[in-house]
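Below you'll find the structure, written out as structure tokens, and then a few comments.
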Amino acid sequence: MRPLTEDDVRDVFRNATAEELRMLALPIEFMLADWDHLDFFAWRDPRTRSRAYLIVELDGQPHGIVLRSAESTSRARSSMCNLCHTMQPGNQVKLFNARKGGEAGVNGDSIGTYICVDMSCHDNVRLAAPLAPSEFRASVDRKIDGTRRRVEDFVARVLETAGSRR
């Protein structure tokens, strides 16, 4: 990813209200981000834990979406993140919803998917050992490429009514 400033970050969100942008809080890690080695940048809002943010480059331009976590918690023993395909304990994966971009989002349409609670998908696929006994260990490069593609596809689906579909 190309390096982003705080102002850049506030400008890339396509499904955010003015109030959400005003309240957006960057994580401490933002100042230390190694942008050259990031496939995407994701974080939970340090002030409002029910909100998360995801920025990815689509066609060379950064695009961001605001996510809201579901209120309920899973009783499952284990769950799989739909972005990084990592098996996690059930309480470490949660349903996140993103309001669609454009007119559809104004009308209340949203898209949801299960994501690692701590938004650590970028790091999870780079771990050397499987996270669960039943997890199949694919090559790290394939896992990284797959995660990046799934993140790009999810963001593009959220934004497709805003004219951002690739």
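Please treat every number below as a calculation from the coordinates, not as lab data. As the structure is a prediction and not an experimental result, all values here were calculated from the model. Cβ atoms come from the backbone with ideal geometry, glycine included; neighbour counts cover every protein chain shown.
Taking 0.36 nm per residue of separation and subtracting the Cα-Cα distance, full extension of the segment from Arg126 to Asn107 would add 3.0 nm.
The separation of segment 1-66 from segment 87-113, counted between C-alpha centres, amounts to 16 Å.
If one takes the longest principal axis of the Cα atoms in the chain, at what angle in degrees, from 0 to 90 and to the nearest 10, does the Cα axis of helix 140-159 lie? Result, in degrees: 30.
Once the chain from Asp141 to Trp35 is taken as fully extended at 0.36 nm per residue, the excess over their C-alpha distance is 36.3 nm. Computed from label points 7 Å out along Cα-Cβ, the spacing between Ala70 and Arg2 is 3.7 nm. Here's how it looks for Gly101: its modeled amide H is under 5 Å from those of Leu159, Glu160, Thr161, Ala162, which are all 5 or more places away or on a different chain.
Over every pair of different alpha-carbon atoms in segment 25-113, take the mean of 1/r and invert it; report that Kirkwood radius in Å. Over segment 25-113, the inverse of the mean reciprocal pair distance is 14.7 Å. Each Lys and Arg Cβ is given +1 and each Asp and Glu Cβ -1; about its Cα centre, segment 6-162 then shows a dipole of about 840 debye.
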